[in-house]
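Since every read-out is calculated from the coordinates, none of them should be taken as a lab result. Computed from a predicted model, the values in this text were never measured in an experiment. Methodologically, a virtual Cβ is constructed for each residue, glycine included, from the backbone with ideal geometry; neighbour enumeration extends over all protein chains shown.
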Number of protein chains: 2
Amino acid sequence: MPIEHTVVFRLVHEAGSDEESAFLRAGRDTLTAIPGVTGFAVMRQVSPGSPFTHQFRMVFADAAAYDAYNRHPAHVGFVEERWVPEVADFQEFDFEPA
Amino acid sequence: MPIEHTVVFRLVHEAGSDEESAFLRAGRDTLTAIPGVTGFAVMRQVSPGSPFTHQFRMVFADAAAYDAYNRHPAHVGFVEERWVPEVADFQEFDFEPA
């Protein structure tokens, strides 16, 4: 069954800054190059009821593809080199059709 | 600009119970009948990193359609009669393309 993997987050950078743009671009470039990632999108979170400002979303064909993504060196490297130092807070949600 | 309105939640009901099914069915039937609601879906939240178990999602063509939905008597009634007594916890997120 397809799995939609999502993460909402806010950055340590100022809204509209060059650093924000660079992070979002790096996320898109790095993660879409990983095998199995489909339907990737960067979204702005606009509800005033949440402090998160952005979302990455992607769809995997099945749990095996999702697992391979999690273990892929490009994903692990992105988390270590960009995500940990530049993301102030985040929350993951994964969705399947009910 | 289109707005994706989402809410993740968990119910006071047991997983797999008749009460859970009835709530999800009532949400779908009630909310999809409100003008302006498109792309409605009920999703299961399966990440172990979150206690939420379900999501409702829908897309509005613009902020005016979203506002009309929020004020619609069928929405207000669903919140009062079903959401408040049957939802244990929830979080809204709204998304626009970045």
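Before moving on, here are some points about what is shown:
- Note, ³J(HN,Hα) from phi for the stretch A:86-98, Karplus 6.51, -1.76, 1.60, rounded to Hz, x at Gly and Pro: 10, 9, 7, 6, 7, 8, 8, 9, 10, 10, 10, x, 7
- Using θ = phi - 60° in the Karplus curve 6.51 cos²θ - 1.76 cosθ + 1.60, the 3J(HN,Hα) couplings for the stretch B:34-45 round to 8, x, x, 7, 10, x, 5, 8, 9, 10, 9, 8 Hz; x is entered for Gly and Pro.
- For B:Val87, the residues whose modelled amide H falls within less than 5 Å of its own, excluding neighbours fewer than 5 places apart on the same chain, are B:Val12.
- Computed FRET value (nearest 0.05) for A:Ser21 with B:Asp18, which takes r as the C-beta separation and R₀ as 45 Å: 0.35
- Cα gyration tensor shape of chain A, rounded if a/c is under 1.5, else prolate or oblate by comparing a/b with b/c: oblate
- Prolate/oblate/rounded label for the protein assembly as shown (Cα gyration tensor, a/c 1.5): prolate
- Under the convention that each Lys and Arg Cβ holds +1 and each Asp and Glu Cβ holds -1, the size of the dipole of the protein assembly as shown around its Cα centre is about 320 debye.
- Degrees, to the nearest 10: B:18-32 long Cα axis against longest axis of chain B: 0
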